[in-house]
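Where a number appears in this text, it was derived from the coordinates with a stated rule and is not lab data. These figures come from a predicted structure and were not determined experimentally. Cβ atoms come from the backbone with ideal geometry, glycine included; neighbour counts cover every protein chain shown.
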Amino acid sequence: MKQSRLIQGNEACALGAVAAGCRFYAGYPITPSSEIAEYMARHLPEEDGVFVQMEDEISSLGAVIGASFAGARAMTATSGPGFSLMQEHIGYAVMAEAPCVIVDVMRAGPSTGRPTSPSQGDVMAARWGTHGDHPAIVLTPASVTEIFELTVRAFELAETLRMPVIVLYDEVLGHTRETVELPPRVEIAGRRTPRVAPTEFRPKEAGPDGVPPLPAFGDGYRFHVTGLTHDERGFPTDEAEVAGRLIRRLHAKVEAHRDDIVEVETLLCDDADIVIFAFGIVARAAKEAVMVARAQGLRVGLLRPRTIWPFPDREVAKITAGASVVLVAEMNLGQVVREVERAVAGNARVEGLFRADGEAIDPEEILQALAPDLEGAAR
Amino acid sequence: MTIVDIRPHLREWAMPHVLCAGCAHGIVGRAFLVATDRAGIDPDRMVVVAGIGCSSRLVGYLDFCTLHATHGRAPAFATGVKLARPELTVAVFSGDGDGLAIGGNHLIHAARRNIDLTVVLFNNEIYGMTGGQVAPTTQRGAIASTTPRGNTEPAFDSVALMIGAGASFVARASASEPFTLERIFTEALTHRGFAFVEVLSDCPTYFGRYNRLGDGPEMLAWLTRQDSRVAEPLAAKRVVDHLPIPEAPPGLDLGVLHREERPVFTGRRSG
């Protein structure tokens, strides 16, 4: 039964995790994400789960990965400086194929920056923060309800694809309170376990979808896990062919599920001459700007990615095909705009509206940025 | 005591191993396998977590669930495994650089929590995997590739550190005393709480060569008689030492040096 209540984004994140079956949380206090840890500390024991406050963010994600191999759905949450520290283990989780969820509640950076102010400055850190060639799945909710939904979704993707999945939103969304109706439980697809006997088990041998089955430690399959480049037995290798096969499979398993992973939402884009591309809290302001412009008879629409990585390039190309201008509004100095330019491929002019002072972009700013092009958008 | 055949506990398919000739880490690994057998641990319920380095690579050859983690972070990964699945027996293999330099913080907090883990810290006084750089355990004056004129820093005393951090079982043993190692590992594995065992091992390839200590056999003999490390602070804290250590080197305490019963962290309401 759904319950209607007034909660903040960070609580919705914790509730989504518990509803999705998360039973292990390890984290380190950091503004503006600490409420997630506090809610988990309160709720997880009621579900026979484990909460542990670790000594830093490096060990937090390390403990999450350990719990994941012990069979638990596991997560951590942090913000900018802690997200930097987690990059080491995000790479490990990619390589070792450890299902886990990482929440980054973005604050203004770089470095300690403005801890209580929002930004969208971690978009590229979420994609490329850890070293080496690696795939990334990053989800960008834009409301309290959607934080719940996409946290649940993150667990499903992490468990079924055996990889870290990042939920990325900003301080404003984390602390915004909205009335939501949330189910206490959500059924999601979990990790696939091996069908062969332990003696036949090859821990990194993938099926047709590129994802190897994963038993839990203690279930009778005695296997090796390593962050070193490894073969299908899970054992380190120096053979170039085997190494290349592994790295390509890690990417291919995401690409194979790409259309399922990538989600976008559109608002009045069908006839739009100007399409605003915005995610997270900025999409809320952009929606208001669209409604104001439409009330004036201007053909303006909104394209909002719920998945920022893999980047929805095909969707952007298709949805902006009839537009002459694409305005990318983001709370950084232009991290996503080049991705949009790549996707639009010259078929429309791409403009940017950037803000990196720790304040949210408001509808008025978006309308002002659109002003030079609004004449062309008139009916 | 019956002789334990360790071959069923080895991944022979993963051999040959990466360790150098004369390296004593294999002796330590063997003693650990004997101890798991003597402690009656079901291999399906044994997890060994390791960091990065020569000693950490050893876990790949042990036929348990083995988690070769990141440099210094093995105690954190092990914490997650143990908390999520308390019925498993969880051990950590770590080197002196892994556990005491990059991973020092994780080690002391795992000890403070008194989580039920057994940590084996291989101390060969050098970074072997990366080519013989100075370690936090390298004695003052010793030559390493990054201390070509001799180390000017004091060495870490891991046993004092672990007692101070709150480990409830702390021991030191030497790879040159394999039967003592077996006994101490068995006690550590059956101790409820955080058990720490520093094992003095050798690195003939780098430490031995740089410091003219000879090859494997000569280095093992050196381990039993060298007296340049001082451990008075430990002697003051010694609580239990019932194990007979026949050849304790002067100035360096060996054996079970600290043992106490205190609440074990489980992360759950009912411990």
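For helix B:74-84, report the angle its Cα long axis makes with the longest principal axis of the Cα atoms of chain B; keep it between 0 and 90° and round to the nearest 10°.
Once rounded, the angle reads 10 degrees.
If you build the convex hull over the alpha carbons only and average its shadow over all orientations, what do you get for chain A? Give it in nm² to one decimal.
19.2 nm²
Would you mind checking the radius of gyration and Dmax of segment A:265-377 based on alpha-carbon positions, in Å?
Answer for segment A:265-377, Rg first and Dmax second: 12.4, 35 Å.
How tilted is helix B:216-225 with respect to the longest principal axis of chain B? Cα atoms for both, answer in degrees (0 to 90, nearest 10).
80 degrees
Which whole number in µm²/s is D for segment A:3-182 by Stokes-Einstein, with the Kirkwood Rh taken over Cα pairs at 4 °C and 1.567 mPa s?
Working: Rh = 15.5 Å.
Diffusion coefficient, whole number: 84 µm²/s.
Computed FRET efficiency, Cβ-Cβ of B:R269 and A:E288, R0 41 Å: what is it to the nearest 0.05?
Details: r = 46 Å, r/R0 = 1.13.
Efficiency computed from Cβ-Cβ geometry: 0.30.
In the protein assembly as shown, if the dipole is taken from +1 on Lys/Arg beta carbons and -1 on Asp/Glu beta carbons about the Cα centre, which of A:T226, A:T160, A:A14 is farthest to the positive end?
A:T226
Given the protein assembly as shown reduced to its alpha-carbon atoms as identical point scatterers, what log10 I(q)/I(0) does the Debye formula return at q = 0.05, 0.06, 0.12 Å⁻¹?
-0.26, -0.37, -1.17
Could you pull the Cα extents of segment A:198-259 along its three principal axes, largest to smallest, in whole Å?
34, 30, 19
Whole-Hz Karplus ³J(HN,Hα) for segment A:316-330, in order, using 6.51 cos²θ - 1.76 cosθ + 1.60 and θ = phi - 60°, x for Gly and Pro?
Couplings: 4, 4, 5, 6, 9, 4, x, 8, 9, 9, 10, 9, 9, 10, 8 Hz.
Tell me the relative contact order for segment A:265-377 as a rounded percent, counting alpha carbon contacts under 8 Å between residues six or more apart.
Taking the mean separation of contacting Cα pairs over the length of segment A:265-377, I get 32 percent.
Using 0.36 nm per residue, how much length does the chain from A:L6 to A:T237 gain when fully extended, once their Cα-Cα distance is taken away? If you can, show how the numbers build up before the last one.
Numbers: separation 231, 0.36 × 231 = 83.16 nm, distance 5.28 nm.
That works out to 77.9 nm of additional length.
When a/c reaches 1.5 or more, the comparison of a/b and b/c decides; with that in mind, is segment B:137-199 rounded, prolate or oblate per its Cα gyration tensor?
Details: a/c = 4.36, a/b = 1.86, b/c = 2.34.
The shape class here is oblate.
Using +1 on the beta carbon of Lys and Arg, -1 on that of Asp and Glu, and nothing else charged, what's the dipole of the protein assembly as shown about the Cα centre, debye to 20?
800 debye
Is there a quick way to get the dipole size of segment A:198-259? I mean about its Cα centre, with the Cβ of Lys and Arg at +1 and of Asp and Glu at -1; what is the value in debye to the nearest 20?
Value, rounded to 20: 100 debye.
So for the pair A:D270, B:R262, with labels modelled 7 Å out along Cα→Cβ, what separation do we get in nm?
7.0 nm
Grab the Cα-Cα distance for A:R258 and A:T193, subtract it from 0.36 nm times how many residues apart they are, and report the gain in nm with one decimal. Intermediate values should be presented prior to the final figure.
Working: separation 65, 0.36 × 65 = 23.40 nm, distance 2.24 nm.
Computed gain between A:R258 and A:T193 is 21.2 nm.
Label-point separation (nm) for A:Q53 and A:E200, each offset 7 Å from Cα along Cα-to-Cβ?
4.9 nm
Once phi is turned into θ = phi - 60°, what whole-Hz ³J(HN,Hα) does the Karplus curve with 6.51, -1.76 and 1.60 give for every residue of segment B:23-39, x standing for Gly and Pro?
With the stated coefficients, segment B:23-39 comes to 6, 8, 4, x, 4, 5, x, 4, 4, 5, 5, 4, 5, 4, 5, 5, 6 Hz.
Can you tell me the length gained on complete extension of the stretch A:A41 to A:R185, counting 0.36 nm per residue apart and subtracting the Cα distance?
Details: separation 144, 0.36 × 144 = 51.84 nm, distance 1.83 nm.
Full extension from A:A41 to A:R185 adds 50.0 nm.
Can you pull a Stokes-Einstein diffusion coefficient for chain B at 20 °C (1.002 mPa s), Rh from Kirkwood over Cα pairs, as a whole number of µm²/s? Could you put the intermediate results ahead of the total?
Working: Rh = 18.3 Å.
Translational diffusion coefficient: 117 µm²/s.
Determine, for B:R112, B:R30, A:R222, the number of other Cβ atoms within 10 Å of each Cβ, and report the residues in order from fewest to most.
On the way: B:R112 15, B:R30 18, A:R222 24.
Ordered from fewest to most neighbouring Cβ atoms within 10 Å, B:R112, B:R30, A:R222 come out as B:R112, B:R30, A:R222.
Return the long-range amide H neighbours of A:E265 (sequence gap of 5 or more, or a different chain), with a cut-off of under 5 Å between placed amide H atoms.
Counting only residues 5 or more places away or on other chains, the set is A:R304, A:R306.
Among B:H25, B:S168, B:L257, whose Cα lies farthest out toward the positive end of the dipole of chain B, if unit charges sit on the beta carbon of Lys, Arg (+1) and Asp, Glu (-1)?
Ranked along the dipole, the leading option is B:S168.
Summing -39500 (n - 2.57) over the DSSP H runs of n ≥ 4 in chain A and dividing by its residue number, what mean residue ellipticity at 222 nm do you reach, to the nearest 500 deg cm²/dmol?
Values: 13 runs with 146 residues, N = 379.
Taking each H run of at least 4 residues, the total per residue is -11500 deg cm²/dmol.
Can you list, bin by bin at 10 Å, the percent of alpha carbon pairs in segment A:1-92, starting at 0?
Bins of 10 Å from zero give 18, 50, 27, 5, 0 percent of pairs.
For chain B, what is the mean residue ellipticity at 222 nm derived from helices alone (per DSSP H run of n ≥ 4: -39500 (n - 2.57); sum divided by total residues; nearest 500 deg cm²/dmol)?
Details: 8 runs with 76 residues, N = 271.
Dividing the helical sum by the residues of chain B leaves -8000 deg cm²/dmol.
For segment B:1-97, max minus min Cα coordinate along each principal axis, in Å, sorted largest first?
33, 30, 24
Name the residues whose placed amide hydrogens come within less than 5 Å of the amide hydrogen of B:T147, ignoring near sequence neighbours (fewer than 5 apart) on the same chain.
Those qualifying (amide H under 5 Å, at least 5 residues apart or on another chain) are B:V134.
Along the Cα→Cβ direction, 7 angstrom out, place labels at A:L228 and B:D215. What is the inter-label distance in nm?
With each label point 7 Å from Cα toward Cβ, the separation is 2.5 nm.
³J(HN,Hα) across segment B:160-168 via Karplus (A = 6.51, B = -1.76, C = 1.60, θ = phi - 60°), whole Hz, x for Gly/Pro?
For segment B:160-168, the Karplus curve yields 4, 4, 5, 5, x, 7, x, 4, 8 Hz.
Under the definition of Cα pairs under 8 Å and six or more residues apart, what whole-number percent is the relative contact order of chain B? It would help to have the intermediate numbers written out before the result.
Details: 613 pairs, mean separation 49.5, N = 271.
The normalised contact order for chain B reaches 18 percent.
Consider just the alpha-carbon atoms of segment A:228-278 and return their Rg together with their Dmax, both in angstrom.
19.5, 55
When only Cα pairs under 8 Å and 6 or more residues apart are kept, what is the percent relative contact order across chain A?
Details: 858 pairs, mean separation 62.1, N = 379.
Averaging sequence separation for qualifying contacts and normalising by length gives 16 percent for chain A.
Where in segment A:173-211 does the amide nitrogen come within less than 19 Å of the point 7 Å from the Cα of B:D44, taken along Cα to Cβ?
Those under the cut-off are A:193-203.
Say R0 is 30 Å: what FRET efficiency, to the nearest 0.05, do A:Q296 and A:A345 get from their beta-carbon distance? Let's see the in-between values first.
On the way: r = 30 Å, r/R0 = 1.00.
That gives a FRET efficiency of 0.50.
Compute the FRET efficiency between B:H17 and B:T190 as 1/(1 + (r/R0)^6), taking r as their Cβ-Cβ distance and R0 = 25 Å, and round to the nearest 0.05. Don't skip to the answer; put the middle values down first.
Working: r = 28 Å, r/R0 = 1.10.
According to the calculation, E is roughly 0.35.
Once segment A:143-239 is represented by equal point scatterers at the alpha-carbon sites, with solvent omitted, what log10 I(q)/I(0) does the Debye formula produce at q = 0.18 Å⁻¹?
Scattering profile of segment A:143-239, log10 relative to I(0): -0.90.
Treating the angle as unsigned and between 0 and 90°, give the value, to the nearest 10°, between the Cα long axis of helix B:178-190 and the longest Cα principal axis of chain B.
Long axis of B:178-190 versus the principal axis of chain B: about 30 degrees.
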